[in-house]
């Protein structure tokens with residue numbers, strides 16, 4: 001078992017000559033909630049896709065628990081994309097069945113209970129649910145796993161404040177204590193209170209990677225305030 | 001994991017394909033009615049000339065034949081396009097974010113799409129063949145059994161097939177097995193050709209559908225060159241129908257393997273979900 005659950009070294013990714021990520025390097029230890037913070041277009045989603053092998057970097061390497069991304073690392077990662085990723089014709093029960101079949105660490109009873117708490121019928125087709133409920137069901141599937149690394153791409157983007165509270169609460173009450181959670185967002189104020197570490201990313205480059213408390217102490221202000229200062233237009 | 005993927009693929013596609021099966025069922029009923037009608041006229045295609053079939057019933061039969069042919073063609077097209085669209089949406093569209101996050105290799109993903117696609121297509125072919133057979137059974141000349149004794153007509157067909165339908169020296173059972181294997185590999189070749197084209201085309205950032213069509217044409221040219229350089233000279237040197245069929249199957253298998261490797265490599269090394 002590697003000391004670091006995630007090790008990114010010199011990752012560079014270009015699209016049609018435009019550099020989306022430029023020599024990105026950082027390492028994450030176990031048991032941390034880390035904010036990947038940056039404005040829109042800064043490369044957060046590209047980086048998360050590369051960690052999950054949905055994109056391949058032009059340069060650099062990624063290791064998850066010491067292993068290069070592949071089928072094996074996907075059983076270690078629980079990934080919430082920044083979009084709806086489930087076939088709307090599936091029912092909630094079928095979705096739970098899919099996760100149960102492929103992930104040994106999936107807790108079907110937890111998922112059923114969380115869906116039930118929202119008042120959602122387990123037999124309901126996902127396309128019949130409201131957009132907010134579909135997003136919550138997807139989050140429930142992701143957080144019902146006992147994964148080693150959670151990659152959450154904009155989990156609170158585009159949802160109302162009440163839903164944000166539900167999502168953040170779901171994250172902190174369901175992730176494994178020895179797991180690491182990487183949350184990508186530009187809505188810092190909503191997640192600041194749960195972050196152990198922050199990574200600022202701008203135009204594909206890492207500006208800083210620091211403990212959240214020490215950053216607040218050093219700058220004498222909240223992470224949100226530091227973010228607004230650093231990324232002022 | 002491959003078995004689980006295939007199970008979920010069958011579950012995900014069965015509802016759409018049940019609709020197609022219902023359409024084929026309607027086509028089969030039409031075929032049965034046609035077969036009964038033809039058999040009732042004595043199985044003699046000359047009956048129309050002798051005035052046994054009236055103008056009105058001839059028109060109804062023509063419409064029924066057209067409806068049957070349309071339903072068969074529509075169902076085949078829908079099954080084929082459905083299988084291709086399923087690959088695109090499930091592996092290269094938004095659903096790909098879930099599928100590619102599963103602890104499964106790209107090679108297994110492709111196989112899990114391919115096997116159900118072949119099974120559904122083969123079932124469609126078999127259903128269509130049965131439908132056509134019902135019509136043909138009514139047209140077999142020289143037998144007096146009524147359509148109610150359908151089995152007698154089937155026996156008659158197979159008893160005479162050895163002499164009339166198969167090349168000399170080829171056993172009908174062996175030929176059927178060879179044809180079945182050839183059909184399976186041929187379908188795999190067709191689907192993998194399209195899968196490989198999409199896997200390459202969708203690795204680009206823009207104009208992905210157009211790029212897929214371009215790659216499809218390039219792969220067609222490459223497989224055509226392989227055929228003309230290796231397999232055509234070989235087939236020219238042979239004249240046995242069975243060997244030619246096997247050679248054609250071998251050619252399809254080689255192409256299918258190449259397309260499979262291309263598709264798996266691009267999904268593994270050049271995946272570009274947007």
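The values are calculated or read from the model by the stated rules, or taken from the named source; none is laboratory data. Nothing here was measured: the structure is a model prediction, and the numbers come from that model. All Cβ positions, glycine included, derive from the backbone under ideal geometry; neighbour counts span all protein chains shown.
What the table shows:
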read-out: Subset tally (residues that are away from chain B (no Cβ under 12 Å) and within 19 Å of residue B:98 (Cβ to Cβ)) for region A:89-109; value: 4
read-out: Residue selected from region A:110-132 under the condition in a helix (DSSP H, G or I) and in contact with a helix residue (DSSP H, G or I) (Cβ under 9 Å, 6 or more places away or on another chain), by the criterion nearest to residue A:44 (Cα to Cα); value: A:132
read-out: Count - residues of region A:27-55 that are part of a strand (DSSP E or B) and crowded, with 19+ Cβ neighbours inside 10 Å; value: 6
read-out: Members of region A:192-223 found to be over 24 Å from residue A:165 (Cβ atoms), touching a helix residue (DSSP H, G or I) at 6+ places or on another chain (Cβ under 7 Å) and not in a helix (DSSP H, G or I), listed by number; value: A:200, A:201, A:207
read-out: Residues within region A:56-85 that are surrounded by 16 or more Cβ atoms within 10 Å (Cβ to Cβ), more than 7 Å from chain B (Cβ to nearest Cβ) and in a loop (DSSP other than H, G, I, E, B), tallied; value: 5
read-out: Sole residue being crowded, with 16+ Cβ neighbours inside 10 Å and more than 21 Å from the chain's Cα centre (by Cα), chosen from B:235, B:228, B:197, B:203; value: B:203
read-out: Matching option when the condition is free of Cβ contacts under 8 Å to residues at least 60 places away in the same chain, closer than 20 Å to residue A:139 by Cα and touching a helix residue (DSSP H, G or I) at 6+ places or on another chain (Cβ under 8 Å), among A:100, A:78; value: A:100
read-out: Region A:153-175, residues that are at pLDDT below 80 and part of a loop (DSSP other than H, G, I, E, B); value: A:157, A:158, A:159, A:160, A:175
read-out: Extreme residue, farthest from residue B:267 (Cα to Cα), among residues of region A:1-26 that are assigned to a loop (DSSP other than H, G, I, E, B) and within 14 Å of another protein chain (Cβ to nearest Cβ); value: A:17
read-out: Residue satisfying condition, being modelled with pLDDT of 90 or more, over 20 Å from residue B:80 (Cα atoms) and away from chain A (no Cβ under 14 Å), within set B:201, B:258; value: B:258
read-out: Unique match (being within 16 Å of the chain's Cα centre (by Cα) and away from chain B (no Cβ under 12 Å)) among A:127, A:148; value: A:148
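For (1) surrounded by 20 or more Cβ atoms within 10 Å (Cβ to Cβ); (2) over 23 Å from residue A:4 (Cα atoms); (3) in contact with a strand residue (DSSP E or B) (Cβ under 7 Å, 6 or more places away or on another chain), each residue gets a yes or a no:
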site	(1), (2), (3)
A:169	no, yes, no
A:172	no, no, no
A:178	no, no, no
A:189	no, yes, no
A:194	no, no, yes
A:198	yes, no, yes
A:207	no, no, yes
A:219	no, yes, no
